[in-house]
Amino acid sequence: MVSVLVVSILLINCTSAKKEKEESQVKEITMKTLSKESIKVQDYIQKDIVIAHRGTTYWAPEETEAAFLWARNIGADYLELDIQMTKDNILVALHDDTLERTTNVSDIFPTIKNPTTNDFTLKELRSLDAGSWFNKANPERARSSFVNLKVLTLQDVIMFAEGYRIKKEYGAPVKEIVNGIWIGKYEYEIDPNDNGNRPGIYVETKHPKLNIEKRLSEQLTTLGWNINTSPKEIETIENKVEIANSNARVILQSFSPESIVNLEKYLPNIPKCFLLWKPDMMGDLKGTYQKEIDFGLKYNVQIIGPSISGEPNNYGELTDPWMAALVHKSGLIIHPYTFDTLEQLTNYKDIVEGVFTNRADLALEFYNRKPEKSPKKILTQLGY
Ligand code: G3P
Ligand code: CA
């Protein structure tokens, strides 16, 4: 017992000595800093923001209407989504490159092997059930209303942020028919259960393919969400989330350097976050981290999005205090992913400016913005 105690004390001493050494080394490093133009864009972004990762992965099937309406009504500042392109060039909200994990694609299209979003038109994607997998994976949080939830478009998510929902008749989405043809779009209606929050969207592009960044820019313009091209005025309510009507209504993010370059080309002056992933950062971590920051500065990102450690994801640690010191020294701010517990929120609270979280309910309470209703009640009130 005594020897275990001695070993533990030695380990703690070694770890804190290592941390002190790393922090003092950072003090000696000279970093490039954010440009004046980037500082202006960074000023658009609020502090201590709660970014609803895929809406939520905990309370509802990720990136579905239930997840995003929940995130809006709970009071998250941003709806986080990943975008992919359909065969008919429509942007949809899906995290994975393939559809098997979060839909019943293998039942509906059994002959297509390794089905990706780009193998299908929007109309085909809307025939999938993107909710039932969640009920099987999480029986304790399952709801019959999650069955047959639809894959969403970027437009759907923006409409939710503006207080709408997909129009339904007898429980089924109403198709938007144009010239007698249905290409997979639905009609919208003002959500009677909307509680007035107007969050922004935090959009992630994966590897650049199919000119997705250009398409994103065109779509944001069409929908009045591109601040470079006469953005629409969105009505907001005092003391509710009002980000949808600000210059930071959209924040862009990517792990891919190529995509960051394209995002800056097609969507300048819009806040951007360069995401970092430990397996991509080989060799000397300090040197690599510095290079990633330099890359971000060169392409006008204002935010670094590193991973955090801890359950349940157990990602590699990229938000140690010395790493945060390096990022802040260059003038960038930090939005790490992904916060699932109060312990994580507590551990990193002094060194981050915002959090990607599957538990916007916990994060809002942590930041003294306790939601008016419980997470379950919000889902029920929304009709789920
Ligand atoms: O966008 C932040 C975080 O979402 C990155 O991880 O894999 O969940 O998209 P991922
Ligand atoms: Ca993401």
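What follows draws every value from the coordinates through simple rules; no lab data is involved. Values in this document were obtained by computation on a predicted structure and should not be read as measured data. Positions of Cβ are generated from backbone atoms using ideal geometry, with glycine treated the same way; all protein chains shown enter the neighbour counts.
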Scope the range 338-362; condition touching a strand residue (DSSP E or B) at 6+ places or on another chain (Cβ under 6 Å) and within 16 Å of ligand 2 (Cβ to nearest atom); matching residues: Thr338, Phe339, Gly354, Val355, Phe356, Thr357, Ala360
In the range 247-293, anything assigned to a loop (DSSP other than H, G, I, E, B), in contact with a Ser or Thr (Cβ under 8 Å, 6 or more places away or on another chain) and more than 13 Å from Leu318 (Cα to Cα) is listed as Ser256, Leu267
So Ile304 fits all but one of (1) touching a residue at least 60 places away in the same chain (Cβ under 8 Å); (2) under 16 Å from the mean Cα position of the chain (by Cα); what number is the exception? (1)
For Glu238, the lone unmet condition from (1) outside any helix (DSSP H, G or I); (2) crowded, with 17+ Cβ neighbours inside 10 Å is (2)
Of all residues in the range 79-89, count the ones that are farther than 15 Å from Ser217 by Cβ and over 11 Å from the mean Cα position of the chain (by Cα). 4
Check the range 300-313 and report whether any residue there is surrounded by fewer than 22 Cβ atoms within 10 Å (Cβ to Cβ), over 22 Å from Arg359 (Cα atoms) and of a type outside the set (Val, Ile, Thr). yes
Among the numbered conditions (1) within 22 Å of Lys47 (Cβ to Cβ); (2) under 20 Å from the mean Cα position of the chain (by Cα), tell me where Thr236 comes up short. (2)
Evaluate the range 93-112: report whether one residue or more is touching a residue at least 60 places away in the same chain (Cβ under 8 Å) and either in a strand (DSSP E or B) or buried (at least 16 other Cβ atoms within 10 Å of the Cβ) (or both). yes
Given (1) within 16 Å of ligand 2 (Cβ to nearest atom); (2) surrounded by fewer than 16 Cβ atoms within 10 Å (Cβ to Cβ); (3) among the aliphatic types (A, V, I, L, M), identify the lone condition not met by Leu263. (2)
Looking at the range 37-67 only, could you name the residues that are away from ligand 1 (no atom under 16 Å from the Cβ), outside any loop (DSSP other than H, G, I, E, B) and of a type outside the set (D, E, K, R)? Ser38, Ile39, Val41, Gln42, Ala66
What are the residue pairs meeting all of these: first residue in the range 357-378, first residue touching a residue at least 12 places away in the same chain (Cβ under 8 Å) and surrounded by fewer than 24 Cβ atoms within 10 Å (Cβ to Cβ), second residue among the charged types (D, E, K, R) and not in a helix (DSSP H, G or I), Cβ atoms under 8 Å, and 6 or more apart or on different chains? Leu364/Lys370; Tyr367/Asp48
Filter the range 249-269 down to the residues that are away from ligand 1 (no atom under 16 Å from the Cβ) and not polar (S, T, N, Q) and list them by number. Arg249, Glu258, Val261, Glu264, Lys265, Tyr266, Leu267, Pro268
Those residues of the range 39-52 which are touching a Lys or Arg at 6+ places or on another chain (Cβ under 9 Å) and either under 28 Å from Trp182 (Cβ atoms) or within 14 Å of ligand 2 (Cβ to nearest atom) (or both) amount to Ala52
The range 68-82, residues that are outside any helix (DSSP H, G or I), within 16 Å of ligand 2 (Cβ to nearest atom) and not aromatic (Phe, Trp, Tyr): Ala76, Asp77, Leu79, Glu80, Leu81, Asp82
